[in-house]
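K.L.:
I am attaching a structure below and will ask some questions about it afterwards.
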Amino acid sequence: MTDALVIGAGPAGLMAAEALAAAGRRVTVVEAKPSPARKFLMAGKSGLNITNAGADFMTAFPDWMAPIVAQFGPDAVQDWCRGLGQEVFTGSSGRVFPVAMKASPLLRAWLRRLKDAGVELRMRWRWLGFEAEGFAFDTPDGRQVLRPAVTVLALGGASWARLGSDAAWVPWLAAHGVEIAPFQPANMGFCIGWSAYMAKHFGQPVKGAALCLPDGRRERGEFIVSSKGLEGGGIYAVSRALRDGAALHLDLLPDLTVEAIAARLSKARRGDTVAARLRKLGLSPVAIALVQEWGRPLPDDLSPRLKALPVPLLGPRPMDEAISTAGGIAHGALTGGLALRGLPPAFGPVFACGEMLDWEAPTGGYLLTGCLATGLVAGRAAGLARG
């Protein structure tokens with residue numbers, strides 16, 4: 001019999017494996033893809049945001065996750081990185097990055113440490129569901145069934161299927177009565193029906209704007225104009241509210257009042273085009289294009305429109321394009337140690353962690369820290385369990 005099995009070699013699964021090994025368990029990690037942590041590596045291509053040192057860190061998580069994240073919060077994540085030989089720094093926004101900026105050096109050091117701890121990693125092992133009181137896999141050596149003493153599931157959510165998160169596990173757990181909330185996209189872009197005029201601006205960032213919601217919330221953050229719509233960190237920060245139907249307006253000059261903008265516009269020369277007047281306010285070409293795209297008919301006094309430019313969203317981009325997902329295994333289906341309730345005893349104690357669980361957090365280090373923390377808690381609890 002296999003002792004401790006982890007299915008999924010993303011950050012949550014590897015953290016669970018590390019905790020299991022620290023508890024003295026013989027750990028086998030199986031992964032469907034040819035290499036581990038593919039989504040983790042992809043997320044780190046533009047700079048690995050490992051955690052967030054902001055004072056409001058805990059407000060990003062649902063209440064039930066507070067005791068979980070408290071066990072592996074921002075300080076612990078930074079210490080863990082340093083323990084793997086990766087120094088970190090904190091940006092002005094509170095976001096924490098490895099000095100190397102990339103995910104690959106951290107992952108290589110982590111995999112070496114897991115190997116030294118006796119963790120066995122098997123690639124191209126795809127879970128096929130439960131079978132004969134065990135877990136069936138399609139492997140390079142054919143179909144195999146494992147009957148572990150304890151198991152941790154770390155199979156991801158329902159976005160970026162090409163990297164391994166395809167939610168194929170949902171019907172297998174649901175068939176045994178595990179409550180699963182429907183998946184929804186999270187930290188995603190939104191569709192826009194652009195005119196042909198906007199094509200020359202695709203790929204351009206909009207900087208310095210505030211994204212404004214009807215409840216008074218204002219988020220300062222950069223976003224990108226793409227052929228499909230809007231995407232990027234600024235949009236992701238408000239994506240949950242937008243997904244749920246909130247309207248979006250842009251304040252393109254958040255450091256100026258309406259009156260100050262009007263005063264500056266009044267100094268424009270007679271005959272200046274709208275674009276020329278907006279350039280003199282310091283707006284970038286892509287921001288000017290958005291005013292002309294969404295602000296028509298343009299009023300004589302442009303200042304109110306620049307402070308509240310309506311954004312005609314057509315809905316979120318498809319779920320598989322989302323950075324993460326909401327939905328998954330419901331909180332009520334889990335114990336405090338993230339064991340699944342109600343599975344047949346023949347499968348042994350089964351735990352779950354990471355994006356499989358029904359929680360949602362923004363990018364900016366919150367999402368990754370939540371995955372690591374749930375992996376640690378599930379691994380520690382599984383380390384104490386007996387099949």
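K.L.:
Pairs needed: first member in region 28-43, on the phi < 0 side of the Ramachandran plot; second member anywhere, among the hydroxyl-bearing types (Ser, Thr, Tyr); C-beta distance under 7 Å; at least 6 residues apart or different chains.
P.N.:
Here the result reads Thr28/Thr2; Lys39/Ser165; Leu41/Ser104, each pair linking region 28-43 to a residue that is among the hydroxyl-bearing types (Ser, Thr, Tyr).
K.L.:
Restricting the search to region 114-139, which residues are farther than 30 Å from Pro171 by Cβ and exposed (fewer than 15 other Cβ atoms within 10 Å of the Cβ)?
P.N.:
Residues of region 114-139 that are farther than 30 Å from Pro171 by Cβ, as a first pass: 114-118.
Within region 114-139, Lys115, Asp116, Ala117, Gly118 meet the criteria.
K.L.:
Which ones in region 299-333 are without any contact (Cβ under 8 Å) to a residue 12 or more places away in the chain and either closer than 30 Å to Gly354 by Cβ or buried (at least 20 other Cβ atoms within 10 Å of the Cβ) (or both)? It would help to see each step written out before you state the result.
P.N.:
The first filter runs over region 299-333 and keeps only residues without any contact (Cβ under 8 Å) to a residue 12 or more places away in the chain, leaving 299-300.
The answer is none; no residue qualifies.
K.L.:
Quick check on this structure: which one of Trp169, Trp160, Trp194, Trp127 is in contact with a helix residue (DSSP H, G or I) (Cβ under 9 Å, 6 or more places away or on another chain) and not assigned by TED's automatic domain parsing to the domain that holds Glu18?
P.N.:
Trp194
K.L.:
Which of the following residues is in a loop (DSSP other than H, G, I, E, B) and surrounded by 12 or more Cβ atoms within 10 Å (Cβ to Cβ): Gln78, Gln86, Gln71?
P.N.:
On the way: Gln78 fails: in a loop (DSSP other than H, G, I, E, B); Gln71 fails: in a loop (DSSP other than H, G, I, E, B).
Of the residues listed, the single one that is in a loop (DSSP other than H, G, I, E, B) and surrounded by 12 or more Cβ atoms within 10 Å (Cβ to Cβ) is Gln86.
K.L.:
Under 6 Å between Cβ atoms, which residue pairs at least 6 apart in sequence (or on different chains) link something in region 163-186 that is free of Cβ contacts under 8 Å to residues at least 24 places away in the same chain with a partner that is buried (at least 18 other Cβ atoms within 10 Å of the Cβ) and not in a loop (DSSP other than H, G, I, E, B)?
P.N.:
Listed by first residue and then by second, the contacts come to Val170/Ile180; Ala174/Ile180.
K.L.:
Being within 19 Å of Trp359 (Cβ to Cβ) and assigned to a helix (DSSP H, G or I) is the filter here, so list the residues in region 128-184 that pass it.
P.N.:
Matches in region 128-184: Val170, Leu173, Ala174.
K.L.:
Of all the helices (runs of 4 or more DSSP H) wholly in region 246-298, which have at least 3 residues that are surrounded by 15 or more Cβ atoms within 10 Å (Cβ to Cβ) and free of Cβ contacts under 8 Å to residues at least 24 places away in the same chain? Spell out the reasoning first.
P.N.:
Details: elements: 258-265, 274-280, 285-294.
Helices (runs of 4 or more DSSP H) meeting the threshold: none at all.
K.L.:
Take the residues in region 320-339 that are of a type outside the set (Asp, Glu) and in contact with a Lys or Arg (Cβ under 9 Å, 6 or more places away or on another chain); name whichever of them is nearest to Arg240 (Cα to Cα).
P.N.:
If we filter region 320-339 for residues that are of a type outside the set (Asp, Glu), which is where we start, we get 322-339.
With in contact with a Lys or Arg (Cβ under 9 Å, 6 or more places away or on another chain) added as a condition, the list becomes 326, 332-335, 337.
Details: Ala326: 9, Gly332: 22, Ala333: 24, Leu334: 24, Thr335: 27, Gly337: 27 Å.
The selected residue is Ala326.
K.L.:
In region 1-56, how many residues are among the aliphatic types (A, V, I, L, M) and part of a helix (DSSP H, G or I)?
P.N.:
Going through region 1-56, the residues among the aliphatic types (A, V, I, L, M) turn out to be 1, 4-7, 9, 12, 14-17, 19-23, 27, 29-30, 32, 37, 41-43, 48, 50, 53, 55.
Now drop any that are not part of a helix (DSSP H, G or I), which leaves 12, 14-17, 19-22, 41-43.
The qualifying residues number 12.
Let's see how each residue does on (1) in a loop (DSSP other than H, G, I, E, B); (2) out of contact with any Leu (no Cβ under 6 Å at 6 or more places or on another chain); (3) assigned by TED's automatic domain parsing to the domain that holds Ala70:
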residue: Gly337; (1), (2), (3): yes, yes, yes
residue: Leu343; (1), (2), (3): yes, yes, yes
residue: Phe351; (1), (2), (3): no, no, yes
residue: Ala361; (1), (2), (3): yes, no, yes
residue: Leu367; (1), (2), (3): no, yes, yes
residue: Leu372; (1), (2), (3): no, yes, yes
residue: Val377; (1), (2), (3): no, no, yes
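K.L.:
Right, here's the next one. Leu107 versus (1) closer than 25 Å to Ala19 by Cα; (2) over 23 Å from the mean Cα position of the chain (by Cα): which is the lone unmet condition?
P.N.:
(2)
K.L.:
Identify the residue in region 198-242 that is β-branched (Val, Ile, Thr) and in a strand (DSSP E or B) and, among all such residues, is surrounded by the fewest Cβ atoms within 10 Å (Cβ to Cβ). Reasoning before the result, please.
P.N.:
Residues of region 198-242 that are β-branched (Val, Ile, Thr), as a first pass: 206, 224-225, 235, 238.
If we keep only those that are in a strand (DSSP E or B) as well, we get 206, 224-225.
Numbers: Val206: 24, Ile224: 18, Val225: 23.
Residue satisfying both the conditions and the ranking: Ile224.
K.L.:
List the number of the failed condition for Ala103; all other conditions in (1) crowded, with 20+ Cβ neighbours inside 10 Å; (2) more than 17 Å from Gly47 (Cα to Cα); (3) small (Gly, Ala, Ser) hold.
P.N.:
For Ala103, the exception is condition (2).
K.L.:
I'm checking my understanding of the structure. Among residues of region 82-97 that are of a type outside the set (Ser, Thr, Tyr) and within 21 Å of Ala361 (Cα to Cα), which one is farthest from the chain's Cα centre (by Cα)? Steps first, answer last, please.
P.N.:
Residues of region 82-97 of a type outside the set (Ser, Thr, Tyr): 82-89, 91, 94-97.
Among the residues that remain, those that are also within 21 Å of Ala361 (Cα to Cα) are: 91, 94-97.
Working: Gly91: 19, Gly94: 17, Arg95: 14, Val96: 15, Phe97: 16 Å.
Selected residue: Gly91.
K.L.:
Just to be sure before I move on: is Asp358 charged (D, E, K, R) and within 21 Å of Val170 (Cβ to Cβ) in the structure I sent?
P.N.:
Values: charged (D, E, K, R): yes; within 21 Å of Val170 (Cβ to Cβ): yes.
Against the criterion (charged (D, E, K, R) and within 21 Å of Val170 (Cβ to Cβ)), Asp358 qualifies.
The values are calculated or read from the model by the stated rules, or taken from the named source; none is laboratory data. Bear in mind the structure is a predicted one, so any value in this text is a computation, not a measurement. Cβ coordinates were reconstructed from backbone atoms using ideal geometry, including for glycine residues, and neighbour counts include every protein chain displayed.
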